[in-house]
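Structure first, commentary second.
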Amino acid sequence: MNILSEAWRYLRDGDNWTGPGGMANLLNQQLLLTITALVMALVIGLPIALWLGHLGRGGFLAINVSNVGRAVPTFALLALLVVAEWPGTQSFGPYGRAGLATLIALTLFALPPIITNAYVAVREVPPDVRESARGMGMTGPQQFFRVELPLALPLVMSGVRLALVQVWATATIAALVAGPGLGRVITDGFFRSNYGKGIAGAIVVALVALVLELLAALVQRLADPMRRGGSSSNREMGVSAGTSTVDETVDAVG
């Protein structure tokens, strides 16, 4: 309990939140790392996964290649990147020391849930819905953008949501190579036996992770065209009816 009291005192001290090494600045650095890594992973992985899901080919290879990232610890990958000649430990703009190495490691860490969920989401669109879309005269791109993607979007967002929270929490490892982020508060606190400081940093990381999770859950809910259209009950009927689901989806996404 004494450690928690020390952590509370540390959090209440305004001096600990100001300045270049303050909690507020470190929090902003970690948010920047997290968002950039997530965007990079989306740009790389999402188009490939969605397209392979639409084609129904190559998904096994893509998912298993991306899942290699699950087997390699992110810190081990970061350690290899910082000792390499490139990208090394040099500063990278606002991302600070070892910023590029950290971004690469976090981006690779974010790819598996994004690629897996996106591919599976498109492949799980019911076959009768696809057939109904073709029966309505839709071309391949029209079928993808007007039917498959809207129906797959909630599960796609679930992968993005998972990647966001995981990358935020994992970004603390940047401190182990003197990189940016709240991990510096945690590691410095425990290194100097100032456990209250270390716990304070961990509390902030956990609270922000909870906020990000709630925001991502809200976006995921809004991404469901059936929820937006207020026809979740009709969706279940439409899956068996095929054509009605296509009609509802097209109406819901405008």
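The values are calculated or read from the model by the stated rules, or taken from the named source; none is laboratory data. Everything quoted here is computed from the prediction, not taken from an experiment. All Cβ positions, glycine included, derive from the backbone under ideal geometry; neighbour counts span all protein chains shown. The accessibility values were calculated without ligands, DNA or RNA, using every heavy atom of the protein model including side chains. Shrake-Rupley method; radii C 1.70, N 1.55, O 1.52, S 1.80 Å.
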Problem set entry | Principal-axis tilt of helix 74-83 within the chain, Cα atoms, nearest 10 degrees | 60 degrees
For this session: Take 136, 23, 40, 157 and sort them by solvent-accessible surface of the protein heavy atoms, 1.4 Å probe, largest at the top.
Result: 136, 40, 157, 23
Exercise. For the chain, what is the convex hull volume of its Cα atoms per residue in Å³?
Worked result: 156 Å³
Problem set entry | Distance (nanometres) between label positions extended 7 Å along Cα→Cβ at residue 60 and residue 207 | 4.9 nm
Exercise. If you keep only loop residues by DSSP, which trypsin sites (Lys or Arg not before Pro) in the range 102-202 have at most 11 other Cβ atoms within 10 Å of their Cβ?
Worked result: 192
For this session: Would you check the accessible area of residue 15, probe 1.4 Å, heavy atoms only, in square angstrom rounded to 10?
Result: 120 Å²
Exercise. So what are the range 1-50's ellipsoid semi-axes, whole angstrom, largest first, if each one is the square root of 5 times an eigenvalue of the alpha-carbon gyration tensor?
Worked result: 36, 14, 5
For this session: Please check which bits of the range 150-178 a label hung off residue 25 would reach, taking the label as a point 7 Å along Cα-to-C-beta and the cut-off as backbone N under 20 Å.
Result: 172-178
Problem set entry | Normalised contact order of the chain, rounded percent, pairs of Cα under 8 Å and 6 or more residues apart | 24 percent
Problem set entry | Probe 1.4 Å, all protein chains present, accessible-area order of 116, 34, largest first | 116, 34
Problem set entry | C-alpha long axis of helix 149-170 to longest principal axis of the chain, angle in ° | 10 degrees
Problem set entry | Potential lengthening between residue 76 and residue 139 on full extension [0.36 nm per residue; Cα-Cα distance subtracted] | 18.1 nm
